[in-house]
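Take a look at the structure set out below.
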Amino acid sequence: MRNIFDQNENGFTLIEMMIVLLVITIILLVALPNVTKQSSSINEKGCEAVVQMLQGQVQAYYMDKKAYPDTLDALKEEDYVNEDFKFVCPNGNALLIENGNVKQE
């Protein structure tokens with residue numbers, strides 16, 4: 001009768017698996033703080049992009065109507081932006097228009 005332990009089993013030992021998990025944990029601990037730090041920067045850049053896009057639509061409105069819109073909702077009413085568009089930045093700040101310039105509140 002052959003002993004089960006005499007067979008050559010190919011696989012990972014518990015120690016090898018623990019070492020792999022330790023390395024993965026260290027990589028995650030180093031990478032995650034960098035990703036979370038960048039999220040505020042990403043939101044700020046996204047807000048700048050939204051403001052520039054809306055500013056372009058305000059200028060298009062001005063070229064067509066020879067006057068700046070009183071509110072950003074006028075851009076929706078005249079189909080310069082999609083009806084579903086929300087005048088809020090990715091970082092949560094609301095947008096408004098003052099003298100033809102789009103700004104954050």
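Of all residues in the stretch 65-105, those satisfying the criterion of being free of Cβ contacts under 8 Å to residues at least 12 places away in the same chain and surrounded by 14 or more Cβ atoms within 10 Å (Cβ to Cβ) are 76, 85, 88.
Flag: residue 34 matches the condition of being within 27 Å of residue 91 (Cβ to Cβ) and either at pLDDT below 90 or touching a helix residue (DSSP H, G or I) at 6+ places or on another chain (Cβ under 7 Å) (or both). Which residue is surrounded by the most Cβ atoms within 10 Å (Cβ to Cβ), if the candidates are limited to the stretch 43-64 and must be within 11 Å of the chain's Cα centre (by Cα) and in contact (Cβ under 8 Å) with a residue 12 or more places away in the chain? Only one residue fits best here, namely 47. Checked against the criteria, residue 61 does not count as part of a loop (DSSP other than H, G, I, E, B), hydroxyl-bearing (Ser, Thr, Tyr) and modelled with pLDDT of 90 or more.
The values are calculated or read from the model by the stated rules, or taken from the named source; none is laboratory data. If you're wondering where the values come from, they're calculated on a predicted model, not measured in any experiment. When we count neighbours, we look across all protein chains shown, and the Cβ atoms used for this are built from the backbone with ideal geometry, even at glycine.
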